[in-house]
1. So which pairs qualify, if the first residue must be in segment 3-17 and modelled with pLDDT of 70 or more, the second must be surrounded by 10 or more Cβ atoms within 10 Å (Cβ to Cβ), the Cβ gap must be under 8 Å, and the two must be at least 6 apart or on different chains?
2. Output yes when any residue across segment 69-77 is farther than 15 Å from Leu143 by Cβ and either in contact with a Phe, Trp or Tyr (Cβ under 9 Å, 6 or more places away or on another chain) or surrounded by 17 or more Cβ atoms within 10 Å (Cβ to Cβ) (or both), and no when none is.
3. Within the group Tyr319, Tyr327, Tyr351, which residue is surrounded by 16 or more Cβ atoms within 10 Å (Cβ to Cβ), in contact with a Cys (Cβ under 7 Å, 6 or more places away or on another chain) and not acidic (Asp, Glu)?
4. Report yes if some residue within segment 43-51 is over 19 Å from Leu122 (Cα atoms), β-branched (Val, Ile, Thr) and crowded, with 17+ Cβ neighbours inside 10 Å; otherwise report no.
5. Would you confirm whether or not segment 333-349 contains a residue that is β-branched (Val, Ile, Thr) and either without any contact (Cβ under 8 Å) to a residue 24 or more places away in the chain or closer than 30 Å to Gly43 by Cβ (or both)?
6. Which residues, taken from segment 120-141, are surrounded by 15 or more Cβ atoms within 10 Å (Cβ to Cβ) and not in a loop (DSSP other than H, G, I, E, B)?
7. Residues that are among the acidic types (Asp, Glu) and within 14 Å of the chain's Cα centre (by Cα), at least 3 per element: which helices (runs of 4 or more DSSP H) completely within segment 215-316 meet that?
8. Residues that are of a type in the set (A, V, I, L, M, F, W, C), out of contact with any helix residue (DSSP H, G or I) (no Cβ under 9 Å at 6 or more places or on another chain) and part of a loop (DSSP other than H, G, I, E, B): does segment 93-110 have at least one?
Amino acid sequence: MTIILLLLGAALIYMIQSRLYSHYWNHGLTVTIRFSKQAVVEGEYTTLVEEITNNKRLPLPILHVKFQIGRNLLFEGGENTAVSDLSYRHDIFSILFYQKITRTLTFQCTKRGYYAIDQANLVSSNLFLSGNLVDTQKQSTYLYVYPKDINISSLDIPFQKAMGTLLSKRVLFEDPFEFRGIREYQFTDPMNMINWKATAKTGDLMVNVHNSTLTPEAVIILDLQDDTLWKYDDLHETGIRISSALAIRFLNQSIPTRIICNGKDQITKETISVPAGNGKRQIASINESLARIDLKQEPESCIDQLNQEISNATNSHAYYIFIGSSYGHGRDMLIQRLADLGCGALWIALYEKDMHVPVSSSDNLTVIKWEVQKNEI
C-alpha cells in the first residue's frame, strides 16, 4: 500500500510540475544577446555578451540558447559552434529562480561585413528533464566590421598633389565677408589670413576661417565590376580598403569627401552612395557603407555611374579618385573627362600578376598601378 501511495504521489508531483512548467517556464525569462562594440576593424577581437535572467520561482535545470551569426566571426575554442554558410551557436545554461547569468564570448572578426543577430531560440524542459519547451525571443544587435587598415604610403605623392589642388581651391573660393571662426595656422595658409589679436592672446599663430562660396571635395569612385565571368574578390577587397584609407586621410585634412560605388548594400540591396560630408561622423558613415558592400550581389554598371557623374559635374571643385580593376567600355575616356571637368583625377588601377593594365597617366589624370598578391586578403 505504501509503495502504491508513493507512486501515486510521485505521479501527482510529476503532473503538477509538468503543468507548471508547460505554462510558466518562460515567464520572467529574458535572454539578451549583444555585441560589446558596434564597430571594429577587420582582424580585431571583440566580445559577445549573453545575459540570461530568470525572474520567477521556477528554476530551469537546463536551458539551450541557440542563434545564428555570420561565419566570419570566429569564436575562441570553436566549441558549441557549427559552421556552414552561417555559424550556429548553441550554449547551455542551468539557472535557478531569481537568478541572472552573464557569459562573455570572445571572437575574432576575420572579414569585413555587417553582422546582425535578430532572434534567439530557447529550448528547456521540466524538473524531470522530460519534454521540450520551446520559445523564440527577438534580438536587436549588430556589429560593423570596417575594412582592414592598408598601407597607402605609395600614394603619398599623388595625395599631396591632390591636397595642394584642393586647398588652393578652398582658399580661392573663400568669402572674406563670411566669417566662420578661428583656428591654428597651417603652412598652406596665406599670411593675410592671420588674426594678429588672437595670435597675441594665445601665443600661437591663429588664422581666420571663412565660409566658402564653393567648397572643394574629394570624390571616391569605387568600381566593383568584372569584365569577365571570373570574380576578382581579392582585388575588390583591396579596393574597398584603399577607399576607406583615402577617405580617412582626406577627412583628417578637413576635405569634404563622398563615395560612389556600384556595389550593392547588404541591407538595402541598393548601390552604395555616401553624400559629401566632413568630420568623424563622415568617417563612420563611409566605413559603415563600405562594410555593408555585398560582393555576392551583381554590381550595377560603372559606366552608367560615370556618365551620371559627368552630367552632374557642372562645378570645377571636385577631385576624383577612381579605384577598380576593369578597363574596358571606354572607362579611360570617361575618367579623363571627369578629370578635365573637375580639378584633376587619380586612377588606382588594381591588378594581379600577369594581368594587362592598358591605362597610363595623361593631362589632369594620374594613374597608379597597384598589384595585389593572390590570396593576400
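The values are calculated or read from the model by the stated rules, or taken from the named source; none is laboratory data. Remember, predicted model here, so these are calculated numbers, not experimental data. Here the Cβ is made from the backbone with ideal geometry for all residues, glycine too, and neighbour counts use every protein chain on show.
1. Here the result reads Tyr14/Phe128; Gln17/Asn126; Gln17/Leu127; Gln17/Phe128, each pair linking segment 3-17 to a residue that is surrounded by 10 or more Cβ atoms within 10 Å (Cβ to Cβ).
2. So the first thing to find is which residues in segment 69-77 are farther than 15 Å from Leu143 by Cβ, and the list is 76-77.
Checking the rest, the ones that are also either in contact with a Phe, Trp or Tyr (Cβ under 9 Å, 6 or more places away or on another chain) or surrounded by 17 or more Cβ atoms within 10 Å (Cβ to Cβ) (or both) come to 76.
Yes, segment 69-77 contains a residue that is farther than 15 Å from Leu143 by Cβ and either in contact with a Phe, Trp or Tyr (Cβ under 9 Å, 6 or more places away or on another chain) or surrounded by 17 or more Cβ atoms within 10 Å (Cβ to Cβ) (or both).
3. Numbers: Tyr327 fails: in contact with a Cys (Cβ under 7 Å, 6 or more places away or on another chain); Tyr351 fails: in contact with a Cys (Cβ under 7 Å, 6 or more places away or on another chain).
Being surrounded by 16 or more Cβ atoms within 10 Å (Cβ to Cβ), in contact with a Cys (Cβ under 7 Å, 6 or more places away or on another chain) and not acidic (Asp, Glu) holds for just one of Tyr319, Tyr327, Tyr351, which is Tyr319.
4. Taking segment 43-51 as the starting set, the residues that turn out to be over 19 Å from Leu122 (Cα atoms) are 43-47.
Filter once more, so that each one left must be β-branched (Val, Ile, Thr): 46-47.
Going one step further and asking which of them are crowded, with 17+ Cβ neighbours inside 10 Å, we end up with 46.
Yes, some residue in segment 43-51 is over 19 Å from Leu122 (Cα atoms), β-branched (Val, Ile, Thr) and crowded, with 17+ Cβ neighbours inside 10 Å.
5. So in segment 333-349, the residues β-branched (Val, Ile, Thr) come out as 335, 348.
With either without any contact (Cβ under 8 Å) to a residue 24 or more places away in the chain or closer than 30 Å to Gly43 by Cβ (or both) added as a condition, the list becomes 348.
Yes, the conditions are met somewhere in segment 333-349.
6. At the first step, the residues of segment 120-141 found to be surrounded by 15 or more Cβ atoms within 10 Å (Cβ to Cβ) are 120-127, 133, 137, 139, 141.
Scanning segment 120-141 gives Ala120, Asn121, Leu122, Val123, Ser124, Leu133, Gln137, Gln139, Thr141.
7. Working: elements: 233-252, 280-291, 302-312.
In segment 215-316, no matching helices (runs of 4 or more DSSP H) lie anywhere.
8. Within segment 93-110, the subset of a type in the set (A, V, I, L, M, F, W, C) is 93, 95-97, 101, 105, 107, 109.
Those still in the list that are out of contact with any helix residue (DSSP H, G or I) (no Cβ under 9 Å at 6 or more places or on another chain) too: 93, 95-97, 101, 105, 107, 109.
Adding the requirement that they be part of a loop (DSSP other than H, G, I, E, B) leaves 96-97.
Within segment 93-110, one or more residues are of a type in the set (A, V, I, L, M, F, W, C), out of contact with any helix residue (DSSP H, G or I) (no Cβ under 9 Å at 6 or more places or on another chain) and part of a loop (DSSP other than H, G, I, E, B).
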